Every structure is written in structure tokens, then in C-alpha cells.
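The values are calculated or read from the model by the stated rules, or taken from the named source; none is laboratory data. Note that the structure is predicted; figures quoted are calculated from it, not measured. Ideal geometry is used to build each Cβ from the backbone, glycine not excepted, and the neighbour counts take in all protein chains shown. Calculation scope for accessible area: heavy atoms of the full protein, side chains included, ligands and nucleic acids excluded. Shrake-Rupley method; radii C 1.70, N 1.55, O 1.52, S 1.80 Å.
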Amino acid sequence: MGGAVVDTGDSGVKAPDGGWGWAVLFGCFIITGFSYAFPKAVSVFFKELIREFGVGYSDTAWISSILLAMLYGSGPICSILVNRFGCRPVMMVGGLFASLGMILASFSTNIIHIYLSTGVITGLGLALNFQPSLIMLNRYFSEKRPLANGLAAAGSPVALCCLSPLGQVLQYKYGWRGGFLILGGILLNCCACGALMRPLMALKKTSEVDEKETKPKPKPKLLDFTVFRDRGFLIYTVAAAIMVLGLFVPPVFVVSYAKELGNEDTKSALLLTILGFIDIFARPTCGIIAGLKWVRPRCVYLFSFAMIFNGITDLIGSMAKDYPSLVVFCIFFGISYGMVGALQFEVLMAIVGTEKFSSAIGLVLLVEAFAVLVGPPGAGRLLDATKNYMFVFLLAGCEVVLSALVLAICNMLFIKRKPEQPDPPAKMEMAVIDTEMEELNKAPKNDQDNGGGENGKKQAIEHEATTKSDDKKVEELESIGVDSVELENASKNVTEPNGVVVEPESSL
């Protein structure tokens, strides 16, 4: 666990780590921004919705909650659809759903209609885009995957900084109905991003050996539950569920906390801008660090450090008593929050690999969906009971620190590293040397038997050609995994006493 898995994916093609992958990364950047920032950007219209339909703030808050619940809870559905139809068609249909939900919401006559249209339909559309985009990113990048994940994750704070001011402008000029209609049109860009997700195609194999080794692959499972047999996956899922309970709480309550301390609304809202600005740079930077050779095999511990950093920031931030201390809190929270955002899916990819990632991410998001629905509302109930924001931040910090300890300690105790084995190339090299020595010892003897002269030269040429062919077979056997004993026996039977070369096919 924590080591980088370099595999070829379902199509048998090694990740190109560039080329068209940068277009895929751009599409994933846009999709990630829409998926995480849109539920927060919609909150700009809540005041007009309260005035329009005569409901309370808690009623409008359900819009964002349903959006997030659909984004996380529909993970298994996305996994099944991706394994059945592929990423590109699922994302393009998801873009149509996301746009359709916002367009229908602009014609709503009560808050229930908005729950169904914006919450359910748009939330499902964003989910059908978010998960396949991460799957495609994992298939296109292997060596540069940590950097790719960090850059893609930066789409969330960038989109939040853009969509929130845009929502305010649209509300001021066109009202909430016109704003919803225009946002629905903007979400059609998800279809364009889906079109960028070109599947990797395997090259035709011309080698006879490859054709012999090629076997018909079984049909892929629509939802692979065998990932639960992986201890690393179980540990990650439990830790992620605990982390989500407290991770999203501070951004939800920090503005209200600032207002409680007597700060103006605009000054309080500036805290989220500071947090988002720091987050933009923290994610790619953490991706670069995670891609270093001596860090990547231990990325799970870097993820644990990021969570501990985030949790301790919450614990210290709970003691903030003025605006400058909240600004410092938002700076450090933005750094730690960006680190967590850049590493959470990179660690999951490293644990399960490309082949099972489509099923693993769906199951992880389903588990996290319950935590998302429990975390912020539970913190709100604690605030209502205590009337003190300090306890809210303390609870969030303890939950995130606990998740980090679960991940790091369980990884050390229950995930055993494979013991180092003797170097196979060294064994094969010794076998090759022994084979060459035997052939050289045979050559002079054959020269004497044949009377030297032209016959001797011919025999020497034949022995030299035999030695070269033996070297090639040694390399082939090494790739297949034959040990040195089998190799030595095979090489001894290559040449008969009469000088006739025999192919040792039985040894293969």
C-alpha cells in the first residue's frame, strides 16, 4: 500500500504520460471544478429563493446537500455504466443531464421542483462526469500521475473563484431564473469535456510469441466487489469515511464564525476567497512533491501527514478570537485542504491500480456519501446545542486527525511489504556465463575431431551462432520467469554431438 502501481489498464496499453493525456487532463480540470464548486456556487441564489417561495434557509440548504449526496452516492451506478459503456458516452450523457436539471429548475414553481431538478438531475449529471474523468486520467498517466492529479484537483478552487462572482452578476442582472438558465447552458461544456476522453487503443501484436501468450479475457465485471479483499482498500475506505465527517465542516462555518465575532458580511466572505486562493497553488505543488522518486512509494504517509496537518489546523483555529487569527487559519487550512484534495484519489489509484479503480472509486464515494450527509448537519446540531463555534472546530479537527492515525497505523501494522528476493538478473547472468564456457570448451574438441582447416572454421562459426541464439533464448526465458536450473538444462540440450542444432521447445 502506498506504492505506485504502474499497469496497462483494461486495454493492455501502457499509460502514455503525455500526448493526448494533456487534453484529458484539461477536461478533468473543468469537470472537477464544476463538480465541487457548483454546489457552493448555487448558494448565491438562496436569498432570492427564500423570498420567492417563502421558505427558510434550512430548506434551501437542502439543494446543496442533495447535490453533494448525488455526487457521492451515485458512485456505484457510475462504475457500472463506465464498465458497460465506457467513459466518453457516460460523460456526454451526464453533461446533458447536468444542463437539463438547471434549465428545468428555472421554470420551478416551488422548492420541491428545485430539489428534483437541481439536486437530483443536475447532481446525477455531475456524478456521471466526475468519476469517469478520474478514471480516464488514471489510464492516461502513470509516472506523472501525482502531478496530473494535483493539476486536475486545482479545478475546484479555480471554478469556485469564478462561479461564485458569476452567480452574483447573473442574479443581479437576470434574477435567479435567468441565472439558472444561463448556468444550465454553461454546464453543456461537460459534453465537450466528455468528447476529449478518447479511449486508449491497443496496438496489433505481430510477434508469434505474443500471439501464443494472448488468451481471451473474461468479460469485465460491472461492479467488482473483490476490491474489498484488499486490506489496503479497506483501510483507505474507513479512513476516508472518518475524514469526510470533519473535512468539509470548517469551510461551511468559517464565514458564520467571523460574523459571530462582529465582522462585516463582505469582510467575512473574504475568508473563503483567501482559502480558495491558497488552495489553487497548494494542490499542484503537492502533486509535484508526491511525484518525487523517494516520496511516491510512501504517498500514503504523505496523505496521512496532510490529514494530520488539516486536523491540527482545525484544533488551533478553534481558539481564534479575532479576524487576523481567522485569516491565518484560512491560509494554513487552504494549504492542508489542498494537500488532501491532491492526494486522496492518487493514493486510491496507487492502492487498487487502473483495472479496479473504476469500481473502487464508486464504492468509496458511496461510503463517503453517508459521511457527507452526517458531518455538516451534525456539526450544526452541536452548534445549536452549545452556541459556541469552538466545539464545532474541535470536533472536526479530532475527526480528521483520527482518520490520519487510522490510515498510517493500520498501514504499518497490517500491510506487509514483500521481502527482498535475490536479484534475478544476477542469477541469469551467471547461467549465461556457464553456458558460454561449456560451448567454448566444446569448440576445440570438435576442431580436433574434424581435422581443423575449413571444417574447423565452419564448426567455430556454427558454435558462435549457437551461442548468440542461446543468449537470445536466455533473455526470452528470463522474461517468462524460468529459473537458472531450468535454463542450464535447456542450454545443454541445444547442440547434439553431431553438430545439429535442436530447438528445446519442451523446456519452454
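Per-structure values
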quantity: Filtered residue count, segment 400-416, keeping only those that are among the β-branched types (Val, Ile, Thr) and more than 28 Å from Gly375 (Cα to Cα); calculated: 1
quantity: Check on Ser358, among the hydroxyl-bearing types (Ser, Thr, Tyr) and surrounded by fewer than 24 Cβ atoms within 10 Å (Cβ to Cβ); calculated: no
quantity: Tally, over segment 231-281, of residues that are over 20 Å from the mean Cα position of the chain (by Cα), hydroxyl-bearing (Ser, Thr, Tyr) and more than 21 Å from Met390 (Cβ to Cβ); calculated: 2
quantity: Neighbours by Cβ (under 9 Å, 6+ apart or cross-chain): first from segment 15-37, open to solvent by 60 Å² or more (accessible area, probe 1.4 Å); second among the aromatic types (Phe, Trp, Tyr) and in a helix (DSSP H, G or I); calculated: Pro16/Tyr140; Gly19/Tyr140; Trp20/Tyr140; Trp22/Tyr140
quantity: Residue selected from segment 75-124 under the condition part of a loop (DSSP other than H, G, I, E, B) and without any contact (Cβ under 8 Å) to a residue 60 or more places away in the chain, by the criterion surrounded by the most Cβ atoms within 10 Å (Cβ to Cβ); calculated: Ser108
quantity: Answer from Phe303, Phe329, Phe345, Phe370 - the residue that is in a helix (DSSP H, G or I) and over 21 Å from the mean Cα position of the chain (by Cα); calculated: Phe329
quantity: From the options Leu147, Leu170, Leu151, Leu128, residue that is more than 27 Å from Cys299 (Cα to Cα) and surrounded by fewer than 24 Cβ atoms within 10 Å (Cβ to Cβ); calculated: Leu170
quantity: Residue within segment 331-345 that is among the aliphatic types (A, V, I, L, M) and open to solvent by 30 Å² or more (accessible area, probe 1.4 Å) present; calculated: yes
quantity: Members of segment 236-254 that are buried (at least 24 other Cβ atoms within 10 Å of the Cβ), of a type in the set (Phe, Trp, Tyr) and over 19 Å from Met412 (Cα atoms); calculated: none
quantity: Number of the exception - Arg283 against (1) assigned to a helix (DSSP H, G or I); (2) of a type in the set (D, E, K, R); (3) surrounded by fewer than 23 Cβ atoms within 10 Å (Cβ to Cβ); calculated: (3)
quantity: Hey, Gly353 in contact with an Asp or Glu (Cβ under 7 Å, 6 or more places away or on another chain) and surrounded by 22 or more Cβ atoms within 10 Å (Cβ to Cβ) or not; calculated: no
quantity: Complete set of residues in segment 290-315 that are in contact (Cβ under 8 Å) with a residue 60 or more places away in the chain and open to solvent by 30 Å² or more (accessible area, probe 1.4 Å); calculated: Gly291, Pro297, Arg298, Tyr301, Phe305, Ile308, Ile312, Leu315
quantity: Residue that is over 30 Å from Pro132 (Cβ atoms), open to solvent by 60 Å² or more (accessible area, probe 1.4 Å) and in contact (Cβ under 8 Å) with a residue 40 or more places away in the chain, where the choices are Phe391, Phe370; calculated: Phe391
quantity: Among (1) open to solvent by 10 Å² or more (accessible area, probe 1.4 Å); (2) modelled with pLDDT of 85 or more - the single one Leu160 does not satisfy; calculated: (2)
quantity: One residue from Ala320, Ala290 being farther than 20 Å from Leu247 by Cα and in contact with a helix residue (DSSP H, G or I) (Cβ under 6 Å, 6 or more places away or on another chain); calculated: Ala290
quantity: Given (1) among the charged types (D, E, K, R); (2) touching a helix residue (DSSP H, G or I) at 6+ places or on another chain (Cβ under 7 Å); (3) surrounded by fewer than 16 Cβ atoms within 10 Å (Cβ to Cβ), index of the condition Glu264 fails; calculated: (2)
quantity: Any chance Phe45 is open to solvent by 30 Å² or more (accessible area, probe 1.4 Å), modelled with pLDDT of 80 or more and part of a helix (DSSP H, G or I); calculated: no
quantity: Some residue of segment 72-81 being closer than 27 Å to Val352 by Cα, in contact with a Cys (Cβ under 7 Å, 6 or more places away or on another chain) and either at pLDDT 85 or above or of a type outside the set (A, V, I, L, M) (or both); calculated: no
